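First up is the structure itself, then whatever we jot down about it.
Just so it is clear, none of the values below were taken in a lab; they were calculated from the coordinates. Every value quoted in this text rests on a predicted model; they were computed, and no experiment measured them.
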Amino acid sequence: KRNARKHLKTFTNPKLHYAFRTYDQADVHQGKLTAADVLMANLLSLRLGWTDVIPLFAAGNTPFTKLRQALDDALDECRSLPDLERCTDDELAMPALARANELATDVSNWSNVTVSKVLHRLAPVVPVIDSSVRAFFHTTQPYRVRFRLCEELRENETWLRPLADLYPRGEDRPLSLAR
């Protein structure tokens, strides 16, 4: 518990140069994914360039455009869900998100890590799944991470919620426990 407070205080300090502080400053919209949304995830250690982003928004029926449509579908699905710790097992399956993760494997420089970092800012129920999180939960499967993280959040909510409330993501945007 003591370490959690220390880490949050450090990572949210505006005088320090941590990515989430900047990542959270951008407006969150309810529309479809934009190129700026994708590029914003570069603040979380991604290395997406124009060749990884522009083809998502091109015309046609390519692996890139299929991925973009799947990302939009995942946003629609995830925005309608409760906070991760309130999701049922069926909701945790997030089939549209699972489809986006599947299609990401067909696109160079994309993975389930990329998908999670792109979507989290716009749909906080999608947890950021990076190498540290996968190592902690001993799995690379996004569904397993969501399920295990949900269990952890439920078990620890009594002390996590008040802590998260001290570090909002912005005006009227509380820090999700999934973060």
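Quick look at the values:
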{"read-out": "Proximal lysine pairs, the chain, alpha carbons under 17 Å, eight or more residues apart or interchain", "value": "4"}
{"read-out": "Nearest-ten-degree value, helix 95-104 long axis tilted from longest Cα axis of the chain", "value": "60 degrees"}
{"read-out": "Placed amide H near ASP83: partners under 5 Å, 5+ positions off or other chain", "value": "none"}
{"read-out": "Table column - 3J(HN,Hα) (Hz), region 154-167, Karplus curve with 6.51, -1.76, 1.60, x for Gly and Pro", "value": "4, 5, 10, 4, 4, 9, 6, 4, x, 5, 4, 5, 6, 10"}
{"read-out": "Within a Gaussian network of the chain (alpha carbon springs, distance under 10 Å), most fluctuating of LEU81, LEU46, LEU16", "value": "LEU16"}
{"read-out": "Region 52-97 versus region 156-179: alpha-carbon centroid distance in Å", "value": "24 Å"}
{"read-out": "Karplus 3J(HN,Hα) series, Hz, for region 38-53 with 6.51 cos²θ - 1.76 cosθ + 1.60 (x for Gly, Pro)", "value": "5, 5, 4, 5, 4, 5, 9, 6, 7, 10, 7, x, 4, 6, 9, 10"}
{"read-out": "Region 93-160 - convex hull of alpha carbons, volume per residue in Å³", "value": "91 Å³"}
{"read-out": "Pairwise Cα inverse-distance average, inverted: Kirkwood Rh of the chain (Å)", "value": "16.8 Å"}
{"read-out": "Under the Debye formula (equal points on every Cα, no solvent term), log10 I(q)/I(0) of region 60-139 at q = 0.19, 0.20, 0.25 Å⁻¹", "value": "-0.81, -0.89, -1.26"}
